[in-house]
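Report on one structure; see the data block that follows.
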Amino acid sequence: MPQDVRFDLPFTTPVSAHLEYAREQHLRWVRDMGLVRSQAGFEEYQSWDLPQAAIRTYPHASPDDMVVLMNWFSLAFLFDDQFDAASPDRADRVTEVARELIVTPLRPAGTRPRVICPITLAWAEVWEQLSDGMSLTWCTRFAASWGRFLAAHAEEVDLAARGTLLGVGPYTAFRRRTVGIHHSIDAGERSRRFEVPAQAQAHPVMEGLRDAAADTIGFMNDIHSFEREKRRGDGHNLIAVLHRERGYSWEKAAAEAFRMTVESLDTYVRLEARVPAMCGELGLDADGRDRVWMGVEAIRHWISGNYEWALTTGRYAAAKKGPAAAAELAGRGCLDDLLTV
């Protein structure tokens, strides 16, 4: 399954012009915070090109806010790769750090973490910046979305440590949580300094949009990252689950994963068409409708931006050599240990 599998998206989205400014500051911050600890780790991290993902998923962020968002991406992606399949006892440390990341937004901004490692220290700094100027309602919603994602991540690590594999039905429901899209969409509001009206955010149409986007992005990600995850022996991938449970060939499993992705995208498009009626039902004024539409745009930015980035990022490269390839073949996703002081 090649990394450059294409999908026909029914919309286009803008790209930020702040790449060079933000990337330079971001890469310096990653090193200063100890999020990369070796030259090989830094080179592998650079190949992922997360700044490219940030400028596509948050195209309206200011230059300085773009730096904050890039910094957040780095710690989230690097933490996601800290589990080592060859050391299943490490799952306990991953869970301990995940708990610390979950409670950080529930404490006063700027509070020093109780569990100390590069990931937790970086997140405490980023959360103080990310939450600045946002309402308690937004912060609470983000914290809930972030917490569900991290709890699911810890659960996924535990499943891997025990060698437990999920069937298609449970996996697709689980993937909606592990993909981490709900809080990423919430951050779209922070990137433009607005908030979707609470009554719209709680409406079934908006909830459905977010879920359909999470499914679409999660399945796309499974397709584009398949070769990397196959090298690592990671069975938590839609193609691998279809191959294992249904006895499909790899080609048929990939085709079915593609079909499921398109189906989720179609669901998203149908729900988006219902947004004007939802706004009318809620009696929103012009300002409220504008903020709802910006919320919809935040979802679009993530569907399109993540897709475009995934086509070229070195993180999902089908062929890889050197220390990074050796680490993946050994069951690791990261060259540097970021869970210890």
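The values are calculated or read from the model by the stated rules, or taken from the named source; none is laboratory data. Note that the coordinates shown come from a computational prediction; the quantities given were computed from them, not determined experimentally. Backbone-built Cβ (ideal geometry, glycine too); neighbour counts: all protein chains shown. The accessibility values were calculated without ligands, DNA or RNA, using every heavy atom of the protein model including side chains. Shrake-Rupley method; radii C 1.70, N 1.55, O 1.52, S 1.80 Å.
Brief remarks on what is shown
- Remark: pairs (first residue in segment 37-55, at negative phi; second residue hydroxyl-bearing (S, T, Y); Cβ separation under 7 Å; 6+ apart in sequence or on different chains) = W48/T313; L50/S74; I55/S16.
- Checking each residue in segment 111-146 for being crowded, with 20+ Cβ neighbours inside 10 Å and not in a helix (DSSP H, G or I) picks out only C117.
- Top-ranked residue of segment 245-259 - restricted to ones that are in contact with a Leu (Cβ under 9 Å, 6 or more places away or on another chain) and small (G, A, S), ranked as surrounded by the fewest Cβ atoms within 10 Å (Cβ to Cβ): A254
- Taken together, the residues in segment 204-227 that are in contact with a Gly (Cβ under 8 Å, 6 or more places away or on another chain) and either of a type in the set (D, E) or surrounded by fewer than 22 Cβ atoms within 10 Å (Cβ to Cβ) (or both) amount to 0.
- Contacts under 8 angstrom Cβ, first residue in segment 317-341 being within 27 Å of A122 (Cα to Cα), partner among the β-branched types (V, I, T) and in a helix (DSSP H, G or I), 6 or more apart: L338/I119; L339/V94; L339/V97; L339/I119
- Tallying residues that are closer than 18 Å to A273 by Cβ and either at pLDDT below 95 or of a type in the set (S, T, N, Q) (or both) within segment 284-315 yields 1.
- Filter result for the condition that a residue is within 16 Å of R6 (Cβ to Cβ) and either open to solvent by less than 50 Å² (accessible area, probe 1.4 Å) or in a helix (DSSP H, G or I) (or both), over V269, V262, V196: V262
- So H236, is it closer than 30 Å to K320 by Cα and not in a helix (DSSP H, G or I): yes
- Filtered residues of segment 28-64 (kept if closer than 16 Å to L78 by Cβ, under 18 Å from the mean Cα position of the chain (by Cα) and outside any helix (DSSP H, G or I)): L35, D49
- In this structure, T164 does not satisfy being under 24 Å from L27 (Cα atoms) and either of a type in the set (G, A, S) or without any contact (Cβ under 8 Å) to a residue 40 or more places away in the chain (or both).
- Conditions (1) of a type in the set (S, T, N, Q); (2) at pLDDT 95 or above; (3) under 27 Å from A254 (Cβ atoms): number failed by Q199: (3)
- Only one of the numbered conditions (1) under 25 Å from A326 (Cα atoms); (2) open to solvent by less than 40 Å² (accessible area, probe 1.4 Å) is violated by D89, and that is (2).
- First in segment 190-207 and under 19 Å from A143 (Cβ atoms) and free of Cβ contacts under 8 Å to residues at least 60 places away in the same chain, second anywhere and open to solvent by less than 20 Å² (accessible area, probe 1.4 Å) and aliphatic (A, V, I, L, M), Cβ under 7 Å, 6 or more apart: none
- Matching residues in segment 177-213 - criterion: being more than 28 Å from S74 (Cβ to Cβ) and of a type in the set (D, E, K, R): E207
- Within segment 287-341, the set of residues being of a type in the set (S, T, N, Q), open to solvent by less than 20 Å² (accessible area, probe 1.4 Å) and part of a loop (DSSP other than H, G, I, E, B) comprises just one member, T313.
- Residue in segment 218-226 that is closer than 20 Å to I299 by Cα, among the aromatic types (F, W, Y) and in contact (Cβ under 8 Å) with a residue 40 or more places away in the chain present: yes
- Scanning segment 160-175 for residues that are open to solvent by less than 40 Å² (accessible area, probe 1.4 Å) and either touching a strand residue (DSSP E or B) at 6+ places or on another chain (Cβ under 9 Å) or modelled with pLDDT under 90 (or both) yields one hit, A161.
- Cβ pairs under 9 Å, 6+ apart, first in segment 57-80 and over 15 Å from V15 (Cα atoms), second modelled with pLDDT under 95 and charged (D, E, K, R): F77/R315; L78/D336
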